[in-house]
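Data first, discussion second: the structure below is written as structure tokens.
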Amino acid sequence: LKDQFDNLDKHTQWGIDFLEKYAKFVKERIEIEQNYAKQLRNLVKKYCPKRSPKDEEPRFTSCIAFFNILNELNDYAGQREVVAEEMGQRVYGELMRYSHDLKTERKMHLQEGRKAQQYLDMCWKQMDNSKKKFERECREAEKAQQSYERLDNDTNATKADVEKAKQQLNLRTHMADENKNEYAAQLQNFNGEQHKHYYIVIPQIYKQLQEMDERRTIKLSECYKGFADSERKVIPIISKCLEGMILAAKSVDEHRDSQLVIDCFKSGFEPPGDFPFEDYSQNIYRTISDGTISTPKQEGMRIDTKTTVGKAKGKLWLFGKKPKPQSPPLTPTSLYTSSTPNGSQYPIFSIEPVHYCMSDIKTGKPRIPSFRSLKRGNFCLQGPALEDFSHLPPEQRRKKLQQRIDELNRELQKETDQKDALIKMKDVYEKNPQMGDPSSLQPKLTETMSNMDRLRMEIHKNEAWLSEVEGKVAARSDRRHSSDINHLVTQGRESPEGSYTDDANQEVRGPPQQHAHPNEFDDEFEDDDPLPAIGHCKAIYPFDGHNEGTLAMKEGEILYIIEEDKGDGWTRARRHNGEEGYVPTSYIDVTLEKNSKGA
């Protein structure tokens with residue numbers, strides 16, 4: 001390659017061009033990664049929920065899982081940005097710096113090669129000039145010798161002309177000898193420089209160019225590796241993001257979501273009771289002798305057909321249209337018609353007990369217009385929102401009141417802290433008047449005390465409402481227990497026809513007493529069932545339970561779980577003696593029953 005300087009020049013230029021081409025490829029890859037990360041972040045931002053009040057935060061496991069997947073996707077986008085940044089610093093930036101250094105080095109080596117070639121060309125020109133001069137002097141010396149020999153052989157030439165020709169010959173011969181020596185020296189010098197050029201200088205320059213090109217190749221190899229390492233470094237974190245997405249998918253619990261829907265829309269109202277039997281055949285009498293149907297004239301026991309039909313048409317279920325009672329109160333004897341021809345009596349069931357129940361229901365205020373609206377979850381929208389949440393069903397009302405009490409307690413704690421800080425600052429001002437005027441803090445302190453009194457009144461008022469709701473729940477559970485027992489007893493003595501067969505004295509039962517509590521039926525629709533145990537827990541830490549509604553517990557105590565944590569950090573528990581209250585979820589180790597139906 002000693003004579004391939006120009007080809008090496010082209011090759012090294014191609015190497016730098018290839019290096020810059022790869023750098024351009026890396027730059028475009030970085031732009032793709034950045035755009036991909038940006039689009040992913042925009043996608044996450046588009047579907048990520050806006051900040052909403054705490055009551056409106058999604059609690060369904062499917063929604064929470066989706067939001068967790070969005071968070072993991074956002075982290076994944078961050079890793080794509082890390083890849084782009086790593087490629088930009090480790091690969092693209094390094095390639096651009098090395099390309100600049102490589103151009104400078106190549107330029108220096110090529111300049112050295114050109115200088116060596118120029119110096120060799122100069123030596124060759126000097127040698128060639130001395131050679132041409134020596135050749136010219138030799139020709140001149142030959143001409144002088146021929147002129148001298150011609151004059152020396154010429155008999156007519158004078159001695160002076162011969163001497164002059166001889167002197168000219170000696171001068172030319174001397175100059176030819178000097179040029180000869182100079183040419184020999186120049187030739188020797190050129191040969192030495194040429195040898196040095198081709199065996200020392202040029203090989204050294206070519207070796208430097210070779211090393212430079214090899215370093216370029218090594219740098220490309222390192223950049224290829226760095227390009228892959230930038231991607232490989234984030235693979236563990238990306239794997240964690242994908243594992244997080246899988247865990248989020250596994251965390252979806254359809255039963256928990258269903259329970260949340262139940263808890264969210266649970267009203268506490270009782271379903272409507274069974275419709276009573278309405279006997280329209282009381283005017284029809286059977287005769288035993290001929291099997292025909294007769295209608296004895298008994299004015300006292302005759303019921304107006306129009307009135308009965310009107311009542312039947314007006315009888316919607318309990319929350320609908322309520323008919324007005326048009327008959328006197330039921331008496332035991334009113335259940336029987338007149339005797340049959342053989343003197344026996346048979347029971348004819350009247351619809352008067354239904355009238356009585358309907359009139360008793362009418363004394364209480366209706367809670368919801370229809371059960372259909374309860375199914376749609378629109379019972380909260382039937383009227384304006386009241387301060388005591390009395391427009392809500394019992395369970396929802398209890399939860400809303402508890403949430404408001406917690407919020408008021410937090411606000412009261414803030415005001416208390418602010419009051420303590422103002423008192424301390426006032427003491428400091430009194431001890432060091434130069435720091436401030438103590439009287440300037442009095443308006444703020446008065447305002448804070450007023451806010452505290454207002455908050456205490458609000459808390460007391462809401463706690464009274466909450467106690468009222470919980471008292472109704474407790475009273476209703478007692479009534480429900482006794483009614484269940486009575487229902488079991490009556491079921492054992494009731495015949496298919498609806499009469500009681502065990503005791504003839506109790507075949508006919510009168511209506512409920514008129515002095516019964518007028519809102520007792522409404523309370524049954526307003527209160528909730530006692531919550532069954534859905535698991536148990538063990539207290540990890542002791543809890544004092546000073547606040548109202550909380551349950552004190554000792555370390556290691558075993559409690560029943562009757563209501564899971566709804567996201568507020570409290571779990572409802574019950575002791576063996578029936579005492580209930582809320583305990584901090586972080587203070588207990590909860591074990592839920594797999595087959596439990598929940599609250």
- [ ] Could you tell me which of the residues Lys159, Lys125, Lys115, Lys132 is modelled with pLDDT of 90 or more and over 30 Å from Asp9 (Cα atoms)?
- [x] Lys132
Open item on the list: Kindly evaluate Lys27 against the criterion of being open to solvent by 90 Å² or more (accessible area, probe 1.4 Å) and closer than 30 Å to Asp6 by Cβ.
Closed with: no
TODO: Being open to solvent by less than 90 Å² (accessible area, probe 1.4 Å) and modelled with pLDDT of 90 or more is the filter here, so list the residues in the stretch 38-60 that pass it.
DONE: Leu40, Arg41, Asn42, Leu43, Val44
Open item on the list: Going by what's in this entry, would Ala157 be described as outside any helix (DSSP H, G or I), open to solvent by less than 70 Å² (accessible area, probe 1.4 Å) and not acidic (Asp, Glu)?
Closed with: yes
- [ ] Using the structure shown, decide if Glu81 is open to solvent by less than 90 Å² (accessible area, probe 1.4 Å) and not aromatic (Phe, Trp, Tyr).
- [x] yes
Open item on the list: So for the stretch 468-484 (the condition being open to solvent by less than 60 Å² (accessible area, probe 1.4 Å), at pLDDT 85 or above and within 27 Å of Leu401 (Cβ to Cβ)), does at least one residue qualify?
Closed with: no
- [ ] Identify, from the list Leu422, Leu408, Leu445, the residue that is farther than 29 Å from Pro532 by Cα, out of contact with any strand residue (DSSP E or B) (no Cβ under 9 Å at 6 or more places or on another chain), open to solvent by less than 50 Å² (accessible area, probe 1.4 Å) and at pLDDT 90 or above.
- [x] Leu408
Task: Single residue of Glu86, Glu94 found to be at pLDDT 90 or above and touching a Ser or Thr at 6+ places or on another chain (Cβ under 8 Å) - done: Glu86
Open item on the list: If I go through the stretch 105-138 residue by residue, how many of them are farther than 30 Å from Gln210 by Cα and either open to solvent by 20 Å² or more (accessible area, probe 1.4 Å) or outside any helix (DSSP H, G or I) (or both)?
Closed with: 11
- [ ] Say whether the condition of being over 43 Å from the mean Cα position of the chain (by Cα), in the same structural domain as Glu31 (by the TED database) and on the phi < 0 side of the Ramachandran plot is met by at least one residue in the stretch 79-99.
- [x] yes
Open item on the list: For the stretch 577-590: of the residues being outside any loop (DSSP other than H, G, I, E, B) and loosely packed, with under 12 Cβ neighbours inside 10 Å, which is modelled with the highest pLDDT?
Closed with: Asp589
Task: Tally, over the stretch 230-246, of residues that are touching a residue at least 60 places away in the same chain (Cβ under 8 Å) and not basic (Lys, Arg) - done: 9
TODO: For the stretch 247-277, name all the residues that are touching a helix residue (DSSP H, G or I) at 6+ places or on another chain (Cβ under 7 Å) and charged (D, E, K, R).
DONE: Asp253, Arg256, Asp257, Lys266, Glu270
Open item on the list: Would you confirm whether or not the stretch 90-104 contains a residue that is surrounded by 17 or more Cβ atoms within 10 Å (Cβ to Cβ) and of a type in the set (Asp, Glu)?
Closed with: yes
TODO: Identify, from the list Ala116, Ala77, the residue that is in contact with a helix residue (DSSP H, G or I) (Cβ under 6 Å, 6 or more places away or on another chain), touching a residue at least 40 places away in the same chain (Cβ under 8 Å) and over 30 Å from Ile200 (Cα atoms).
DONE: Ala77
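Residues are listed down the side, and each one gets a yes or a no for (1) basic (Lys, Arg); (2) in the same structural domain as Lys10 (by the TED database); (3) at pLDDT 95 or above; (4) more than 30 Å from Asp121 (Cα to Cα):
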{"site": "Tyr183", "(1), (2), (3), (4)": "no, yes, no, no"}
{"site": "Phe190", "(1), (2), (3), (4)": "no, yes, no, no"}
{"site": "Lys196", "(1), (2), (3), (4)": "yes, yes, no, no"}
{"site": "Gly226", "(1), (2), (3), (4)": "no, yes, no, yes"}
{"site": "Pro276", "(1), (2), (3), (4)": "no, no, no, yes"}
{"site": "Gln282", "(1), (2), (3), (4)": "no, no, no, yes"}
{"site": "Thr287", "(1), (2), (3), (4)": "no, no, no, yes"}
{"site": "Thr295", "(1), (2), (3), (4)": "no, no, no, yes"}
TODO: Among residues belonging to the stretch 542-576 that are farther than 26 Å from Arg59 by Cβ and open to solvent by 60 Å² or more (accessible area, probe 1.4 Å), point out the one that is farthest from the chain's Cα centre (by Cα).
DONE: His576
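The values are calculated or read from the model by the stated rules, or taken from the named source; none is laboratory data. These numbers were taken from a predicted model, which means no experiment stands behind them. Using ideal geometry, Cβ is built from the backbone for each residue, glycine included, and neighbour counts are taken over all protein chains shown. Keep in mind that these areas ignore ligands, DNA and RNA; they rest on the heavy atoms of the full protein, side chains included. Shrake-Rupley method; radii C 1.70, N 1.55, O 1.52, S 1.80 Å.
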